[in-house]
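Asker: I'd like to ask some things about the structure below.
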Amino acid sequence: MKRLLLIAPVFFGYYKDMILEAEELGYHVDYLCDAPSNSNISKALGRINKKLISGSAKRYYKEKALPLVEEEQYDKVLLVAGMTCAFTADMFCEMRRLQKQAEFILYQWDSEVNLPYCKSIHPYFDRIYTFEKADSEQNKIYRFMPTFYTRIYEKIGKKERPVPRYDCFYVGTAHPKKYLEINRMAEDLKPELPRQFIYHYIPSVLKYVYHKVTAKEYRHARYRDFQKVKLSGADIMKGMEVSACILDAPQGGQTGLTLRCFECMGAKRKLITTNVDIVNYDFYRASNILVYPGTIEERKAFFENPYEDLPEELYRKYSMNSWMKRLLSGEESQKLPENH
């Protein structure tokens, strides 16, 4: 049996879905969290400056990662890199020395602007992917590959749509630009979509203070405006299931599509997003996706007409199963099909 070492963030439990899909493709999977701790304080410190957690990262690597790469022989090592990744270039250099037979694959789950440290680890990977189309166009080291939706959202899409409890729904971490744009959008949408569920999660008071000091978008924000409990993936799924429309906005420094865009597709729910680049993707339909450029124009048909089903091949293309298959096989297409 082929062996895969998956290094990925805990982030809403997506790593569990990745393990499941890889196992179905015939891999035995060992998993490593990409950071020494999943605590809010540790993650906040690591995002502010990785040097603040360098000691714990070294201990974690020595105690958890190194024994695996010394004892096991892997066919593939897959790093799904987000803002929490604490492994250094020296660590990946040692992994490559110990796993000479393995193919090392990197998937950057953020833009290079937000993940500048990734440039230091690029030399240790055989294939490098990004969800950020702009990065792939500016640097040929990157292969462009959007993200995915998981099976749980596919199940929602196959159910009969219930009478909505919410007209629009949003759950997300309160990154400054995202926080401001979602609030503006929700306020503008109240006449058309009055029943709203808006949930801005802040991981720690430290993160709030950091944004309050450094981000103009937090100028009028108050700590009591934020939710301190992270909703589970199951809770988010339940909320989307009883909602007519989902709100979305990328965080600062990103133009790549968020997971929420693909989850809406899988769940067959309408989407309102501030990401103008979504019109360049092959699954874009004006009947399903409304781009919010700062104001809500007259879009009566969007709010009144039902969701338009897409061709089945598009649902298959953006499933996590297809995403994992392309990553591990290297048979992905770098070019997006033309928009319909």
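The values are calculated or read from the model by the stated rules, or taken from the named source; none is laboratory data. All values derive from a computational prediction rather than experimental measurement. Using ideal geometry, Cβ is built from the backbone for each residue, glycine included, and neighbour counts are taken over all protein chains shown. Surface areas here come from the heavy atoms of the whole protein model, side chains and all, with no ligands, DNA or RNA. Shrake-Rupley method; radii C 1.70, N 1.55, O 1.52, S 1.80 Å.
Asker: Note down all Cβ pairs under 9 Å where the first residue falls in the range 196-208 and is on the phi < 0 side of the Ramachandran plot and in a helix (DSSP H, G or I), the second is among the aromatic types (Phe, Trp, Tyr) and buried (at least 16 other Cβ atoms within 10 Å of the Cβ), and they're at least six residues apart or on different chains.
Answerer: Here the result reads Tyr208/Tyr218; Tyr208/Phe226, each pair linking the range 196-208 to a residue that is among the aromatic types (Phe, Trp, Tyr) and buried (at least 16 other Cβ atoms within 10 Å of the Cβ).
Asker: Determine the pairs where a residue that is over 27 Å from Leu20 (Cβ atoms), located within the range 131-152, has a partner that is surrounded by 17 or more Cβ atoms within 10 Å (Cβ to Cβ) and of a type in the set (S, T, N, Q) with Cβ atoms under 8 Å apart, the partner being 6 or more residues away or on another chain.
Answerer: These pairs meet every condition: Ala134/Ser111; Asp135/Gln108; Asp135/Ser111; Ser136/Thr130.
Asker: Specify the residue that is farthest from Gly253 (Cα to Cα); the eligible residues are those in the range 118-142 that are surrounded by 15 or more Cβ atoms within 10 Å (Cβ to Cβ) and basic (Lys, Arg).
Answerer: Only one residue tops the list, namely Arg127.
Asker: Would you pick out the residues in the range 147-182 that are open to solvent by less than 40 Å² (accessible area, probe 1.4 Å) and assigned to a loop (DSSP other than H, G, I, E, B)?
Answerer: Once the filter is applied, which keeps residues that are open to solvent by less than 40 Å² (accessible area, probe 1.4 Å) and assigned to a loop (DSSP other than H, G, I, E, B), the range 147-182 yields Thr147, Phe148, Thr150, Asp167, Ala174, His175.
Asker: For the list (1) within 28 Å of Leu180 (Cα to Cα); (2) out of contact with any Pro (no Cβ under 9 Å at 6 or more places or on another chain); (3) open to solvent by 70 Å² or more (accessible area, probe 1.4 Å); (4) not hydroxyl-bearing (Ser, Thr, Tyr), I need the number of the one condition that Val276 fails.
Answerer: Just one mismatch for Val276, condition (2).
Asker: Also, quick follow-up: Return yes or no: is Glu263 crowded, with 21+ Cβ neighbours inside 10 Å and not in a loop (DSSP other than H, G, I, E, B)? Spell out the reasoning first.
Answerer: Working: crowded, with 21+ Cβ neighbours inside 10 Å: yes; not in a loop (DSSP other than H, G, I, E, B): yes.
When the stated conditions are applied, Glu263 passes them.
Asker: Could I ask something else about it? Being modelled with pLDDT under 70, open to solvent by 30 Å² or more (accessible area, probe 1.4 Å) and hydrophobic (A, V, I, L, M, F, W, C) narrows it down to one residue among Leu52, Leu20; which is it? Give the steps one after another, and end with the answer.
Answerer: Details: Leu20 fails: modelled with pLDDT under 70.
Just a single option satisfies the conditions, and that option is Leu52.
Asker: Restricted to the range 294-326, and to residues that are open to solvent by 40 Å² or more (accessible area, probe 1.4 Å) and polar (S, T, N, Q), which residue is modelled with the lowest pLDDT?
Answerer: Of everything passing the filter in the range 294-326, Thr295 is modelled with the lowest pLDDT.
Asker: Counting only residues that are open to solvent by less than 30 Å² (accessible area, probe 1.4 Å) and not small (Gly, Ala, Ser), which one in the range 209-230 is farthest from Gly253 (Cα to Cα)?
Answerer: First, pick out the residues of the range 209-230 that are open to solvent by less than 30 Å² (accessible area, probe 1.4 Å): 211, 215, 218, 221, 226.
Right, trim to not small (Gly, Ala, Ser) and you get 211, 218, 226.
Working: His211: 15, Tyr218: 17, Phe226: 22 Å.
This residue is Phe226.
Asker: Give Phe125, Phe87 a once-over and let me know the one that is more than 18 Å from Gly256 (Cβ to Cβ) and at pLDDT 95 or above.
Answerer: Values: Phe87 fails: at pLDDT 95 or above.
One residue alone meets the criteria, Phe125.
Asker: Taking the range 59-117 as the search range and keeping residues that are in contact with a Gly (Cβ under 7 Å, 6 or more places away or on another chain) and of a type outside the set (Val, Ile, Thr), which one is surrounded by the most Cβ atoms within 10 Å (Cβ to Cβ)?
Answerer: Applying the first criterion (in contact with a Gly (Cβ under 7 Å, 6 or more places away or on another chain)) to the range 59-117 yields 84, 86, 109-111, 113-114.
So of that shortlist, the ones also of a type outside the set (Val, Ile, Thr) come out as 86, 109-111, 114.
Numbers: Ala86: 22, Trp109: 24, Asp110: 20, Ser111: 22, Asn114: 19.
Looking at residues that are in contact with a Gly (Cβ under 7 Å, 6 or more places away or on another chain) and of a type outside the set (Val, Ile, Thr), I get Trp109.
Asker: Going through Ala244, Ala215, Ala221 one at a time, which residue ends up being out of contact with any helix residue (DSSP H, G or I) (no Cβ under 6 Å at 6 or more places or on another chain) and either acidic (Asp, Glu) or over 30 Å from Glu312 (Cβ atoms) (or both)? Can you show your working first?
Answerer: On the way: Ala244 fails: either acidic (Asp, Glu) or over 30 Å from Glu312 (Cβ atoms) (or both); Ala215 fails: out of contact with any helix residue (DSSP H, G or I) (no Cβ under 6 Å at 6 or more places or on another chain).
Answer to the selection: Ala221.
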